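Heads up, the thing below is written out as structure tokens.
The values are calculated or read from the model by the stated rules, or taken from the named source; none is laboratory data. If you're wondering where the values come from, they're calculated on a predicted model, not measured in any experiment. Positions of Cβ are backbone-derived with ideal geometry, glycine not excepted, and every protein chain shown enters the neighbour counts.
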Amino acid sequence: MLHRIGGAVLTVLALAAAPACGDPLKEFGCGRTLEMPGGQPRLMADDQLHVLEQTGAGDKFDPGPAPAGATIKSIFCARSDIVPAPSDYKVVRAGYPLTIFARDPGGRTRIAVLELNGGQLRLRSVGELGFTPEMVSRIQAFLDASLPQFGKTASAR
């Protein structure tokens with residue numbers, strides 16, 4: 001699924017800057033992974049989708065309607081930090097895994113997926129770069145704060 005990143009998504013990723021300590025989390029762009037009957041999933045950037053804004057404003061997350069004949073399989077965002085925002089659990093609670101792309105200070109792109117696995121909320125590292133010990137600590141704090149929303153344990157991998 002993630003190996004089929006289109007030009008629009010690469011443009012979104014190119015805008016992602018390295019996180020600066022203490023700076024507020026920035027979202028550079030988001031989109032949806034769409035699946036057509038009998039087709040491969042496609043990542044489609046969506047200028048109208050603003051996960052940080054939408055999850056912070058209400059109790060529920062709504063990704064908007066899928067194009068005719070398509071199904072929304074997941075949500076993705078390019079951000080300034082790989083650690084999820086406090087309200088990102090709402091995307092997963094709505095039934096969509098959330099993939100986060102973020103550049104590290106060395107210019108390498110980290111990818112993580114916030115998802116339910118066996119009823120447990122987890123953030124999974126995807127690709128060659130894992131999480132640093134500092135990231136794991138911040139991720140675990142996010143997961144612990146999100147536990148009341150799911151009632152089960154959470155883990156960072």
Does any residue in the range 47-61 that is within 14 Å of residue 75 (Cβ to Cβ) come within less than 7 Å, Cβ to Cβ, of a residue that is among the basic types (Lys, Arg) and surrounded by 12 or more Cβ atoms within 10 Å (Cβ to Cβ) six or more places away or on a different chain, and which pairs are these?
-> 49/32; 55/90; 60/90; 61/90
Are any of the residues in the range 106-120 within 11 Å of the chain's Cα centre (by Cα), within 23 Å of residue 49 (Cα to Cα), assigned to a strand (DSSP E or B) and of a type in the set (Gly, Ala, Ser)?
-> yes
Count of residues meeting criterion [surrounded by 15 or more Cβ atoms within 10 Å (Cβ to Cβ) and either closer than 18 Å to residue 131 by Cα or not hydroxyl-bearing (Ser, Thr, Tyr) (or both)] in the range 59-85 = 17
On the given criteria, is residue 141 under 25 Å from residue 24 (Cβ atoms), of a type in the set (A, V, I, L, M), out of contact with any Lys or Arg (no Cβ under 8 Å at 6 or more places or on another chain) and free of Cβ contacts under 8 Å to residues at least 24 places away in the same chain?
-> yes
Log entry, pairs with first residue in the range 82-95 being of a type in the set (S, T, N, Q), second being part of a helix (DSSP H, G or I), beta carbons closer than 6 Å, six or more apart or on different chains, reads 87/55; 87/56
The residue that is surrounded by the fewest Cβ atoms within 10 Å (Cβ to Cβ), considering only those in the range 27-58 that are among the charged types (D, E, K, R) and closer than 21 Å to residue 115 by Cα, is 53
Which of (1) over 15 Å from residue 31 (Cα atoms); (2) surrounded by fewer than 23 Cβ atoms within 10 Å (Cβ to Cβ); (3) aromatic (Phe, Trp, Tyr) does residue 89 not meet, given it meets every other one?
-> (2)
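For (1) part of a loop (DSSP other than H, G, I, E, B); (2) at pLDDT 95 or above; (3) within 21 Å of residue 149 (Cβ to Cβ); (4) not charged (D, E, K, R), each residue gets a yes or a no:
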residue	(1), (2), (3), (4)
39	yes, no, no, yes
60	yes, no, yes, no
67	yes, no, no, yes
73	no, yes, no, no
77	no, yes, yes, yes
86	yes, no, yes, yes
96	yes, yes, yes, yes
129	yes, no, no, yes
Please state which of the following conditions residue 98 fails to meet, knowing it meets all the rest: (1) without any contact (Cβ under 8 Å) to a residue 40 or more places away in the chain; (2) within 18 Å of residue 60 (Cβ to Cβ).
-> (1)
Does residue 52 satisfy being part of a helix (DSSP H, G or I) and among the aliphatic types (A, V, I, L, M)?
-> yes
